[in-house]
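The values are calculated or read from the model by the stated rules, or taken from the named source; none is laboratory data. Given the structure is predicted, the values throughout are model-derived calculations rather than measurements. Every residue, glycine as well, gets a Cβ built from its backbone with ideal geometry; the counts of neighbours run over all protein chains shown. Side chains included, ligands, DNA and RNA excluded: accessible areas come from the protein's heavy atoms. Shrake-Rupley method; radii C 1.70, N 1.55, O 1.52, S 1.80 Å.
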Amino acid sequence: MDDDLVAEAARYFADACSASGHALSSPNGPSCRCEALAARLDADNKTRFDAQTFDVSKAFLKVDGPDAFPSAEWPLPALMRTVVDEITEPPWATKYPAKRMVRVTKALAHIGELGLPPDALVRVGLARHLRLMITSFVIAHFRFNDAAKPSSPVPEVQDWLDLALSCLDSSATGQQTLPNDDLLSVVPALWRGGFSDKIDDWLQTACIRDIVAWQLDAEPHDALTEEDLNIRGGREAILWIMDRFSQTHHSTWHRTSLYWELRFSSNPEATAAEAGLPVSTLSQRPSHTGLIVEAIVSRASFALDHETAVDDITHDQLKNQVLFLLQRGFTAKAVTTLRTVLRTYPGLNEVRSMLAFCLISIDPTEALSVIERVRPEAMLPSELISINKISALWRMGEAQSARKLLETLLPSFSEKLEYLLWQPDDLAVKPGSQLRIASLTAKKWASQALAALPPLDDVKQD
Ligand SMILES: [Zn+2]
């Protein structure tokens, strides 16, 4: 933008106007507003510059190095980064777990002094982050260990693995008791199943020390009041404060945080009061209305395709949930979920593609019409859309059309990416039967499909 040029032009004009005894602008004489305008634009330009060049990690330049112990003199961004970075790191992976504990608890205490209750930050603000990191950590153990009985020499890690195994055990619906070779079913089961609930329980009941230490077998916390767990602005305000003091770029903020920021930039006192934090704390990061409006605008189109789908569920979680339902035969439930999301966000192209995929199994004709409205994009290559189209035709009993289309498109299929697809062998059997999901590249799927589809000449039209 040319804001700096505008400010400079106003200054230039004000100087000339003053020199002329304000004859340049108006008959107002000494009450001419040229000076005031130049001063306002100049201040605005400076705020914008400060906000634009603000960098969370620079806060560490003002402390005795990022490895020091947090003190009351630390700026909030340095405290916040220390907590966010270190609490989400597995304690066993750090070189000095005891030092990590002191750093995080000290930082939390000072954040509390600045007005944000530590329990609210950890149990509410960081809940999703912690759940994500712990689950990823456990999944990594399943992946690189014997998936049927992953083990660790660290007892605290073993506790998490045992918990995960017991949750998988009880969530399996008779088909299989243990995942064994089926990592595909472990992943969504851990994200969405009882395991995720157990982490939530732990986040609510364990004392902060044990949460910081990722200690599953935890001491309960002392009774917490509502004031310990929340601030006046509620969960979204907590996320906003977390975002603005731990994330430099607006593009990685929660969407609701952008709206809080917009209100704050235009009315700091009232917004701080509404959030429930001292304005002095919030002012540790400069804010500029024009800048945040630009962030919201640039986000709006992006958000529709890539961001939150429903409430708190992210795109990946939605995908995992759908997969979880499909693998347990709850296809109709998966379809209902996806339709609900699309009713609110009809622009979610990838969700539409997922819906088409689910429908292939139970209503291939409807699937075909949904596929017509899916457009290819970076995360959704046209070969994937084509395979779903071929699968739908095949499932409808139109084996000849399916084969024809497959043979036409085959040269464009690649071996680069693996997709979750309906198993070709299953599509060959009669409609209505249960389908299985396989992870295959487009080329692999095509070669299996060509083996299972009758050759063109032999297909009789019914
Ligand atoms: Zn003037």
- Query: Of (1) open to solvent by less than 50 Å² (accessible area, probe 1.4 Å); (2) on the phi < 0 side of the Ramachandran plot, ASP162 satisfies all except one. Which?
  - Reply: (1)
- Item | Some residue of region 139-155 being of a type in the set (Phe, Trp, Tyr), at pLDDT 85 or above and surrounded by fewer than 19 Cβ atoms within 10 Å (Cβ to Cβ) | no
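Take region 355-367 and flag every residue that is closer than 19 Å to THR337 by Cα and free of Cβ contacts under 8 Å to residues at least 40 places away in the same chain. Lay out the reasoning, then the answer.
Just the residues of region 355-367 that are closer than 19 Å to THR337 by Cα, to begin with: 355-364, 366-367.
If the condition is that a residue be closer than 19 Å to THR337 by Cα and free of Cβ contacts under 8 Å to residues at least 40 places away in the same chain, then LEU355, ALA356, CYS358, LEU359, ILE362, ASP363, GLU366, ALA367 are the ones that fit.
Please go through region 12-21 and pick out each residue that is near the ligand (Cβ under 9 Å from one of its atoms) and of a type in the set (Gly, Ala, Ser).
ALA14, ALA16, SER18, SER20, GLY21
Just one of LEU116, LEU121, LEU108 is in contact (Cβ under 8 Å) with a residue 60 or more places away in the chain, outside any helix (DSSP H, G or I) and either open to solvent by less than 20 Å² (accessible area, probe 1.4 Å) or assigned by TED's automatic domain parsing to the domain that holds GLN284 (or both); which is it? Walk me through it before giving the result.
Numbers: LEU121 fails: outside any helix (DSSP H, G or I); LEU108 fails: outside any helix (DSSP H, G or I).
So the residue among LEU116, LEU121, LEU108 that is in contact (Cβ under 8 Å) with a residue 60 or more places away in the chain, outside any helix (DSSP H, G or I) and either open to solvent by less than 20 Å² (accessible area, probe 1.4 Å) or assigned by TED's automatic domain parsing to the domain that holds GLN284 (or both) is LEU116.
Please determine whether any residue of region 90-100 is within 12 Å of the ligand (Cβ to nearest atom) and buried (at least 19 other Cβ atoms within 10 Å of the Cβ).
In the first step, residues of region 90-100 are kept if they are within 12 Å of the ligand (Cβ to nearest atom); the result is none.
Within region 90-100, not a single residue is within 12 Å of the ligand (Cβ to nearest atom) and buried (at least 19 other Cβ atoms within 10 Å of the Cβ).
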- Task: Select, from ALA9, ALA36, ALA51, ALA72, the only residue that is assigned to a helix (DSSP H, G or I), more than 16 Å from the ligand (Cβ to nearest atom) and open to solvent by less than 70 Å² (accessible area, probe 1.4 Å).
- Result: ALA51
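Yes/no per residue for (1) out of contact with any Asp or Glu (no Cβ under 6 Å at 6 or more places or on another chain); (2) among the hydrophobic types (A, V, I, L, M, F, W, C); (3) modelled with pLDDT of 95 or more; (4) in a loop (DSSP other than H, G, I, E, B):
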{"site": "GLN204", "(1), (2), (3), (4)": "yes, no, no, no"}
{"site": "ILE211", "(1), (2), (3), (4)": "yes, yes, yes, no"}
{"site": "ASP228", "(1), (2), (3), (4)": "no, no, no, no"}
{"site": "SER251", "(1), (2), (3), (4)": "yes, no, no, no"}
{"site": "TYR259", "(1), (2), (3), (4)": "yes, no, no, no"}
{"site": "SER265", "(1), (2), (3), (4)": "yes, no, no, no"}
- Quickly run through region 309-329 and pick out the residues that are surrounded by fewer than 18 Cβ atoms within 10 Å (Cβ to Cβ), closer than 16 Å to LEU132 by Cβ and modelled with pLDDT of 65 or more. ASP316
- Query: Does SER391 qualify as being open to solvent by 10 Å² or more (accessible area, probe 1.4 Å), in a helix (DSSP H, G or I) and of a type outside the set (Asp, Glu)?
  - Reply: no
- Among what's in region 402-429 and is hydrophobic (A, V, I, L, M, F, W, C) and under 18 Å from ALA378 (Cβ atoms), pick the residue that is farthest from the chain's Cα centre (by Cα). PHE413
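Give region 230-241 a look and list any residue that's in a helix (DSSP H, G or I), touching a residue at least 12 places away in the same chain (Cβ under 8 Å) and either open to solvent by less than 20 Å² (accessible area, probe 1.4 Å) or in contact with a Pro (Cβ under 9 Å, 6 or more places away or on another chain) (or both), or say none. Step through it out loud before you land on a result.
Taking region 230-241 first, the residues in a helix (DSSP H, G or I) are 234-241.
Checking the rest, the ones that are also touching a residue at least 12 places away in the same chain (Cβ under 8 Å) come to 235-241.
Matches in region 230-241: ALA237, ILE238, LEU239, TRP240, ILE241.
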- Item | Of all residues making up region 394-438, the number that are in contact (Cβ under 8 Å) with a residue 12 or more places away in the chain, open to solvent by less than 70 Å² (accessible area, probe 1.4 Å) and among the polar types (S, T, N, Q) | 3
- Message: List pairs: first residue in region 22-43 and modelled with pLDDT of 85 or more, second residue within 9 Å of the ligand (Cβ to nearest atom) and open to solvent by 50 Å² or more (accessible area, probe 1.4 Å) anywhere in the structure, Cβ distance under 6 angstrom, at least six positions apart or on different chains.
- Response: CYS32/SER25; CYS34/SER25
